[in-house]
Every structure is written in C-alpha cells, then in structure tokens.
Amino acid sequence: MKRNLQSLANRDYDVVVVGGGIYGAALAREAALCGLSTALIEKGDFCSATSASSLKIIHGGLRYLQQFDIPRLRNSVIERRTFLRTAPHLVHPLPCIMPTQGHLMKGQEAMFCGLLLNEILSCDRNCLKDPEKHIPAGRLISRDTVGQLVPGLATDGITGGCSWSDAYTYNSERLVTAMVRDAVAAGAEVSNYAKLTGFHLSGNRVTAVRVHDELGEATFDIPAKLVINAAGPWVNEVLALLDKRPVSAVNGLAMGMNFVLRRQLLPSSAAGLPFRRRTGESQRLLFMMPWRGQTLAGTYYRPHRGPADTLKVTEQDIEILLSDLSHAYPAAEINRSDISAILPGLLPVKHTQLVNDEPVLANHFSIIDHARNDALEGLISIVGVKYTTARDVAARTLRHVLSKLGRQQRDSGSDQRLLPGGAVPDFRAFLDQTRTSLSGRLSTDIAEHLVYNFGDELQSVLELGSTQPSLLAPLAPSTTVIGAEVAFAAREEMAMTLADIVFRRTDLGSAGRPAPEALDTASRIMARECGWDEAHRFDEIRKVDNAPIFGDR
Ligand SMILES: Cc1cc2nc3c(=O)[nH]c(=O)nc-3n(C[C@H](O)[C@H](O)[C@H](O)COP(=O)(O)OP(=O)(O)OC[C@H]3O[C@@H](n4cnc5c(N)ncnc54)[C@H](O)[C@@H]3O)c2cc1C
C-alpha cells in the first residue's frame, strides 16, 4: 500500500470516503468490495483519533439487555463473531466478571436470568471453526472466586459475581490498518495526511472534494458521484465547510478517557467494578482489563465543547479518573506513576443535558442522507457509536449507496472475507508452530508478538530480514518490536512518520513511552526507507517524545 496522491487525484470516483478511522476504513472496504470506484482520504494517519482510544472491547452486547435492546445485542453478537472470524490474530475472547450485590437488579438472581437470556440470544455466537475463538457460556461465581480474580477486592457487601466472556482487540490500530489495506486490495485508492478542505457543488449537488496534502503544499480536487463523511468527531466541522450548511449530524460531543496502567492488576479476567463518587449518588461502573501485560482502565466521561481539535486532557480529568479507580478498587493503590498512557477520544452525545453529572452518549448509529434532510445531493454523513459494529453500519450504508447510484444490490462478502494476516484457521496451533519454527532465531516473546500483530503475514515481515539480518533484532532490549516491522510498515502499510510507526503500526508506544534506544533505531530505519536527513529524523523523534498520550508528561 503506497501513498500516491497523483493516482488518487487523477480519477473520477463513485465514492470518496472522508475519514480513516474504523468507520471510514470499513466504508471504503465495503464500497470497493461492492465494485464501486472508491477513494479514502484521512487528514492525519489512519486510526489516529477516536478509534485508537477505544477500550479495545469487541462487544457482544450483554449490557444492552438492561434496556432490553435485543436487535442491538444480536447485531453486536454477529459483529463480534465476524471480527473473530476475519481477524483471528487481532481479536480474541476475553473473560470478564462483575461482582453481584443484594437481591435486586444487581443481585445473583437477576444476573442469572440475564446470563440465561444472553445464552439463548447468542446461541449462534460460536459458529466458528476455530475452538480457540469460541465464547463460553456465562455463569455465576462465588465470592471467593471474585476475590481471586480481583485480588484484594473487599468482598463484604458482595454476594458473589457473574462471569461471562466477550472479545477484545490486541491492537485496534492494526485492525484499522488491515481494513484499509483490504480496501486497497479490493481496488480502493487511499491516502493518509490528505485533508478535505472544501466541497465543489453544482446547484444542489456535491460534485467533488477539495483536498490538501498535509505532508506537502499541494491542493487538488477529487470528483465523486457521492461523498461519505465519516469524520467521526469532526463530522459537523466537515459539514460546516459547505456554504449551504446542512443540519448538524451530531448534537454535541463528550470526551471519554481510559488509562493504560503499567501494572497487570488482574491476573486473567477483565472486571466491571461498581463504585460511587459520593455517598448517596447512584452507582457507576469502571472497567479494567489485562492487556499486553498491563491494565486498561476506564472510562471517565465529560462534555466537550468547541472544535474536535481542541480536545485536551486536563490534570483535573486525570485526577478524577484516578480517584474513580481508587474508589472502585482501593486495594490496587493506583496512583499517578502507574499511568503509562492516557487515551482520550470524543463521542457523540444524545443530548446536551447531564445525567448523574455525566454526558449521555448517543446509543445508535446514524446514516444521514443529506439529500433527504437538507435537499443536498451527493453527500451522506455517518455517525458511529461503537468500533465493534462499524462493518455492519458500512454494509447498511452501501446498500443505500448502491440504490442511490442505480447499481444492482450485491453482497460484498465482507463478513466472511479474511482481513490481511487473518488466514489463521487454528490460532493455537499457529501460535505453537510459529514458536517452534522460530526458536533459535527469535525469542518466544518476539514470535508471539509477531503472531498477534501480523497473523499469517508474519512471513512477509521476516522475509525483509533475509537480505538485511539486522532487521530481525529487537529495536532495543526492552521491546519485542523488531526492525523488520518498521521497514514493513514503511513499505507496505503507508507509515509516513515516526509517530505512525510508534503508535499505530507497531506496539512500541501504544501502551507507554518507548525506550530512547528503540526510538533511535526505529527512526534510523525510517530515515533509510523514506530518505530523511538527520534534521528530519530528530524532528520526528521530538514529535513522538512530546506526544500527549504518555502518562509521564
Ligand atoms: C474512550 C473511548 C472508549 C471506547 N471504547 C470502545 C470499545 O471498547 N468498544 C467499541 O466498540 N467502541 C468503543 N468506543 C467507540 C469507538 O471508539 C468509536 O465509535 C469509533 O472509534 C468511531 O470511529 P470513527 O471512524 O467514526 O471516528 P474516528 O476514529 O475519530 O475517525 C474519524 C477520522 O476522520 C478524520 N478526519 C476528520 N476530519 C477530516 C477531514 N477534513 N479530512 C480527512 N479526514 C478527516 C480524523 O482525522 C479521524 O481519523 C470508545 C470510544 C471512546 C472515546
């Protein structure tokens, strides 16, 4: 996958997708698989905004039972199964628990009924050949088991717990990259660092978008029959570029924030932990999960006002989430020095009023055809609310797009088609074979890390070391990331900056600050691949060093 603005600009497209988060990536893939000529433009790097801040859960929708939203639960079960099938290296089952209290809605009796209902409603969840990807049935567990799974949790006041399984993604950024690469494999033209700066209209019809090359000076137009605005939190700002301003696509935004904590606090299961900020107020829930030997924890929400680019985490935000964590799990004694990464993102709200001091998040996606809403042809806006269900929303959108363009309806097959790296029919066997076949050449940790990030594509990564064996060495003793990953990202995955490498193509920085030596080695490989001089290389290191994601700022 190469960045080539000339070939991007020199065509008329059926569809131009704006935004390279999970929604834009899924839309471009779907459109290309449906046989439409498709372009995707992203103003930063792919998966550099909300989609990178997710809590990594690929939801099966158990919690939607609380609102009895069965269609949403079913939709989540199906999409979770799709991810487990199409990206088996990146998506894995996740055991979860939650303590039970009293005898009402949070008691064992209600949880038992919920688990039973969930079992019935998700009875087809394991229609997957690989047993490693099966989601076991939920069950009630004792107080002692809760105490073992959440060490030190005060068990007085709890009656036991319920245990169920969901799924998580090992690497949300690589999952989006995989979707973008699959879109390209299906014929799409894509570019990161290509920002939509305006629209061209003929009467009441959008006919083209104006694009600025964010890595250079050029501005160019891309003509399209249809533009799909998948700009996430920027969705309204993109609409505001039109003179004849359509109605807003979202009512407002909320910031959601998670931490990566350096310690692995939970031995094996994720946990939903109830807590109160103040006595008398209603209970909230924090979620913690083991992730890459550390802990992901969140989510804290507050309203966000102003443009999406002004999102900034304040010290007060950090203090509130830290305090929530110590209320929910006092025994863990979590403090500021435990935070290795801060992951904020913006989400659409249902309305601007607060409930229990928190914004109320939108709980349904929107597919807004501006022809219908604003008499403006050629423009559709998409507002997603979950990473998990992006493929399904893309498929629904494409059904509408095909009929708008007068094309025959067709099934893209995106729910069956493996994403790059996904040809791993038996994950456990593949992991074992890879460990064995690479032993003596690479450490077990590195072999595992390659399997989880690259799946069956790991051979293509390792081949880069056949001509340059130094690329098979880790970038520093403290990391399992090897040089070949950096070269692969530059050659095959459109990595343009050191930040792309550190935060989105490799595991180097997504869970905390990488060692200076690792950054130095990675930057030297990028300099060779991209022709950077020393000044450019130092500038790239400086930008990574100053990234707001690091918890030790
Ligand atoms: C804290 C948090 C935790 C979450 N946890 C989960 C979870 O565990 N599971 C789950 O399923 N969901 C979760 N979500 C929700 C999920 O992350 C989002 O629904 C999803 O990532 C939104 O994707 P998107 O593609 O719409 O937006 P984004 O990922 O923000 O992508 C939009 C893209 O558009 C680009 N763009 C904007 N303007 C322009 C322009 N002018 N030109 C070109 N490109 C432009 C941006 O740069 C951006 O990359 C979470 C969200 C948050 C904030």
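Say we look at the range 14-62 and pick out the residues that are within 10 Å of the chain's Cα centre (by Cα) and aliphatic (A, V, I, L, M); which of these is farthest from Thr169 (Cα to Cα)? Step by step, filter the range 14-62, then rank; the result is Ala49. Condition test on Arg85, is it of a type in the set (D, E, K, R), part of a helix (DSSP H, G or I) and more than 16 Å from the ligand (Cβ to nearest atom)? When the stated conditions are applied, Arg85 passes them. For Thr295, the conditions (1) open to solvent by less than 10 Å² (accessible area, probe 1.4 Å); (2) in a helix (DSSP H, G or I) are fulfilled apart from (2). Is it true that some residue in the range 240-252 is outside any loop (DSSP other than H, G, I, E, B) and over 16 Å from Ala194 (Cα atoms)? Checking the range 240-252: not a single residue is outside any loop (DSSP other than H, G, I, E, B) and over 16 Å from Ala194 (Cα atoms). Out of contact with any strand residue (DSSP E or B) (no Cβ under 7 Å at 6 or more places or on another chain), assigned to a loop (DSSP other than H, G, I, E, B), closer than 25 Å to Trp164 by Cα and not aliphatic (A, V, I, L, M) - does that describe any residue in the range 13-25? No, that holds for no residue.
When Thr100 is tested against the conditions (1) within 30 Å of Ser412 (Cβ to Cβ); (2) more than 16 Å from the ligand (Cβ to nearest atom); (3) β-branched (Val, Ile, Thr), the lone failure is (1).
Need the failing condition index for Ser248 against (1) in contact (Cβ under 8 Å) with a residue 12 or more places away in the chain; (2) open to solvent by less than 70 Å² (accessible area, probe 1.4 Å); (3) over 22 Å from the mean Cα position of the chain (by Cα), just the number. For Ser248, the failing item is (2). Taking the conditions (1) within 16 Å of the ligand (Cβ to nearest atom); (2) part of a helix (DSSP H, G or I); (3) surrounded by fewer than 18 Cβ atoms within 10 Å (Cβ to Cβ) in turn, Leu321 satisfies each one other than (3). Residues that are assigned to a strand (DSSP E or B) and either surrounded by 13 or more Cβ atoms within 10 Å (Cβ to Cβ) or within 21 Å of the chain's Cα centre (by Cα) (or both) within the range 335-351 comprise Ile339, Ser340, Ala341, Ile342, Leu343, Pro344, Gly345, Leu346, Leu347, Pro348, Val349, Lys350, listed in sequence order.
Please work out if Phe259 is within 15 Å of the ligand (Cβ to nearest atom), assigned to a strand (DSSP E or B) and crowded, with 22+ Cβ neighbours inside 10 Å.
Yes.
Taking the condition touching a Ser or Thr at 6+ places or on another chain (Cβ under 8 Å), near the ligand (Cβ under 6 Å from one of its atoms) and small (Gly, Ala, Ser), does Gly21 pass? Criteria met by Gly21. Looking at (1) surrounded by 14 or more Cβ atoms within 10 Å (Cβ to Cβ); (2) modelled with pLDDT of 95 or more, can you tell me which one Leu242 breaks? Failing condition for Leu242: (2).
Quick check: anything in the range 455-474 under 30 Å from Arg336 (Cβ atoms) and either buried (at least 22 other Cβ atoms within 10 Å of the Cβ) or touching a residue at least 60 places away in the same chain (Cβ under 8 Å) (or both)? No: the range 455-474 contains no residue that is under 30 Å from Arg336 (Cβ atoms) and either buried (at least 22 other Cβ atoms within 10 Å of the Cβ) or touching a residue at least 60 places away in the same chain (Cβ under 8 Å) (or both). When the range 352-369 is limited to residues that are in contact with a strand residue (DSSP E or B) (Cβ under 6 Å, 6 or more places away or on another chain) and either of a type in the set (D, E, K, R) or away from the ligand (no atom under 16 Å from the Cβ) (or both), the one that is least open to solvent (accessible area, probe 1.4 Å) turns out to be Asp369. Might you check whether a residue that is away from the ligand (no atom under 13 Å from the Cβ), of a type outside the set (Lys, Arg) and modelled with pLDDT of 95 or more occurs anywhere in the range 37-53? Yes: the range 37-53 contains one or more residues that are away from the ligand (no atom under 13 Å from the Cβ), of a type outside the set (Lys, Arg) and modelled with pLDDT of 95 or more.
Among the numbered conditions (1) hydrophobic (A, V, I, L, M, F, W, C); (2) open to solvent by less than 10 Å² (accessible area, probe 1.4 Å); (3) within 24 Å of Ser51 (Cβ to Cβ), the only one that Phe287 does not meet is (2).
Please verify whether the range 378-399 includes one or more residues that are away from the ligand (no atom under 12 Å from the Cβ), part of a strand (DSSP E or B), at pLDDT 95 or above and open to solvent by less than 50 Å² (accessible area, probe 1.4 Å). Yes.
Name the single residue, out of those in the range 224-252 being among the aliphatic types (A, V, I, L, M) and within 10 Å of the ligand (Cβ to nearest atom), that is farthest from Tyr170 (Cα to Cα). Residue satisfying both the conditions and the ranking: Leu241. Within the range 37-63, restricting attention to residues that are open to solvent by less than 10 Å² (accessible area, probe 1.4 Å) and not β-branched (Val, Ile, Thr), the residue that is nearest to Asp415 (Cα to Cα) is Gly60.
Scanning the range 426-450 for residues that are over 27 Å from the mean Cα position of the chain (by Cα) and outside any helix (DSSP H, G or I) yields a count of 5. Taking His103, is it surrounded by 24 or more Cβ atoms within 10 Å (Cβ to Cβ), outside any strand (DSSP E or B) and not hydrophobic (A, V, I, L, M, F, W, C)? So His103 fails the test. Among the residues of the range 274-312, those identified as within 16 Å of the ligand (Cβ to nearest atom) and among the hydrophobic types (A, V, I, L, M, F, W, C) are Leu285, Leu286, Phe287, Met288, Met289, Trp291, Leu296, Ala297, Ala308, Leu311.
When Leu149, Leu175, Leu121, Leu140 are screened for being touching a residue at least 60 places away in the same chain (Cβ under 8 Å) and either of a type in the set (D, E, K, R) or away from the ligand (no atom under 16 Å from the Cβ) (or both), only Leu149 passes.
The values are calculated or read from the model by the stated rules, or taken from the named source; none is laboratory data. Please read all numbers here as calculations on a predicted model, not as lab measurements. Glycine gets a Cβ as well: all are built from the backbone with ideal geometry, and neighbour counts include every protein chain shown. Protein only, heavy atoms only, side chains kept; ligands, DNA and RNA dropped before computing areas. Shrake-Rupley method; radii C 1.70, N 1.55, O 1.52, S 1.80 Å.
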